[in-house]
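Here is the structure we will look at.
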């Protein structure tokens, strides 16, 4: 396909959007598909072997300019227009409403190319109602198509006034060749000095309040009181690291909480294999919520069931009672009960895990996501 893809977030930048785009667009085209993105450390190594044509820009905000993003927008627009007038694109894809969607709208208005914008959920509920929100709403309502990452995000778009006919729900996927069951992981469990009967809970994600990692830590004393020998491993970095460490110390479970930070890419699937249960009891914090939760797919692809929060779009990632449990992420007793049930019943846990693995392999491969993305242009 001949597409112009605008995304500030792209590998080697970490995060769900960067992974999503780097997985889907090589499946949709080769060098005739052009991606405009940010210049970041390590990008040269990624671009030198990439299937698509990658164009890097300095997209840093400048505090001495008002608004700070002015030069970034101008560079984005100028580069996009140059490419549009030198290539024959079918459409413009934008990674988010802002800044990429606004740039796509400007370029699309000049060239009459269709504009497709991705919506991820949290940006729709955390940007308040001021000027930034109004620009986002303006852009989304004028897109030819909006890709929502979950049914929850689609509902939020409708509340913003986006025409239902323009919304297509496409869930993100997972690399099932990388994330898979049966990977060697005993060495990882041994590195935490787990006893032969100990259970390991795994959580993965940026250390933010909405993820509910604090509730995982708060659950440990109650599980121990029930006689559950349990430890928790948390993969990720973020602003809550010191707060979470202090909480573990306050509750007397420091030796049972392992903050692993970033792990090697090759080790991440092995950590999913090493755990007995994946837990991320996300919750809504002043509108900040989980739009989907790709980590739940990664766990499922490794043959592990999950506990997710009930807020946001996690219902598309975890089917309650079928591939895991969804709980009220603000209710500790509900989280503890779900964890105790699954850790205490190996057969139930394995049944849910098998269903989760089967669902991921059938519905959430990147090949399936790419096919859904390409189909948008067939039905345009």
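Computed from the coordinates by the stated procedures, all read-outs in this text should not be read as laboratory data. Remember, predicted model here, so these are calculated numbers, not experimental data. Please note: Cβ atoms are built from the backbone with ideal geometry, for glycine as well, and neighbour counts cover all protein chains shown.
Quick check on the stretch 186-363: what are the equivalent-ellipsoid semi-axes from the Cα gyration tensor, as sqrt(5λ), descending, whole Å?
Semi-axes (√(5λ), whole Å): 21, 19, 17.
Calculated from DSSP H runs of 4 or more alone, at -39500 (n - 2.57) each and per residue, what is the 222 nm mean residue ellipticity of the chain, nearest 500?
Only helices count here, giving -12500 deg cm²/dmol.
Assuming R0 = 56 Å, can you tell me the calculated FRET efficiency for the pair residue 372 and residue 251, based on Cβ-Cβ distance, to the nearest 0.05? Could you put the intermediate results ahead of the total?
Values: r = 44 Å, r/R0 = 0.79.
Calculated value: 0.80.
Got the relative contact order for the stretch 91-228 handy, in percent, Cα pairs under 8 Å and 6 or more residues apart?
17 percent.
Could you tell me how far the Cα centroid of the stretch 200-238 sits from the Cα centroid of the stretch 308-380, in Å?
A separation of 18 Å, based on Cα centres.
Run the simple label-point estimate for residue 31 and residue 242 please: 7 Å along Cα→C-beta, distance reported in nm.
5.0 nm
Grab the beta carbon distance between residue 87 and residue 58, set R0 = 25 Å, and tell me the FRET efficiency rounded to 0.05.
0.70
Residue 78 versus residue 158, label points 7 Å from Cα toward the beta carbon: distance in nm?
Once both label points are built, they end up 4.3 nm from each other.
Taking the simple approach of a point 7 Å from Cα along Cα-to-Cβ for both residue 166 and residue 330, what is their distance in nm?
Each label point lies 7 Å from its Cα, and together they span 3.2 nm.
Can you give me the relative contact order of the stretch 239-338 as a percent, contacts being Cα pairs under 8 Å and 6 or more apart?
Details: 131 pairs, mean separation 21.5, N = 100.
Computed value for the stretch 239-338: 22 percent relative contact order.
Just the number, please: percent antiparallel of the DSSP beta bridges in the stretch 186-363, rounded to the nearest 5.
DSSP beta bridges in the stretch 186-363 are roughly 5 percent antiparallel.
Would you mind estimating how fast the chain diffuses translationally, via Stokes-Einstein at 25 °C and 0.890 mPa s with the Kirkwood radius over Cα pairs, in µm²/s? Kindly include the intermediate steps, with their values, before the conclusion.
Working: Rh = 21.8 Å.
It comes out at roughly 113 µm²/s.
Which order do the peptides 37-45, 146-154 take when ranked by the mean count of other beta-carbon atoms within 10 Å per residue, highest first?
Taking the mean over residues of other Cβ atoms within 10 Å, the ranking is 146-154, 37-45.
Going by Cα centres, the stretch 170-190 and the stretch 28-97 are how many Å apart?
31 Å
Would you please put 132-144, 342-354 in order of how densely packed they are, using the mean number of other Cβ atoms within 10 angstrom per residue and starting with the highest?
Numbers: 132-144: 17.9, 342-354: 15.8.
For the peptides 132-144, 342-354, the packing ranking is 132-144, 342-354.
Normalised by the number of residues in the chain, what is the relative contact order in percent for Cα pairs under 8 Å and 6+ residues apart?
Relative contact order comes out at 14 percent.
Compute the label zone of residue 363 within the stretch 174-191: residues whose backbone N is under 17 Å from the point 7 Å along Cα-to-Cβ.
In the stretch 174-191, the label zone of residue 363 (backbone N under 17 Å from the point 7 Å along Cα→Cβ) covers 174-176.
What ranking, highest mean first, results for peptides 4-10, 333-339, 245-251 when packing means the other Cβ atoms within 10 Å averaged over each residue?
Working: 4-10: 24.7, 333-339: 19.6, 245-251: 14.6.
The most tightly packed comes first, giving 4-10, 333-339, 245-251.
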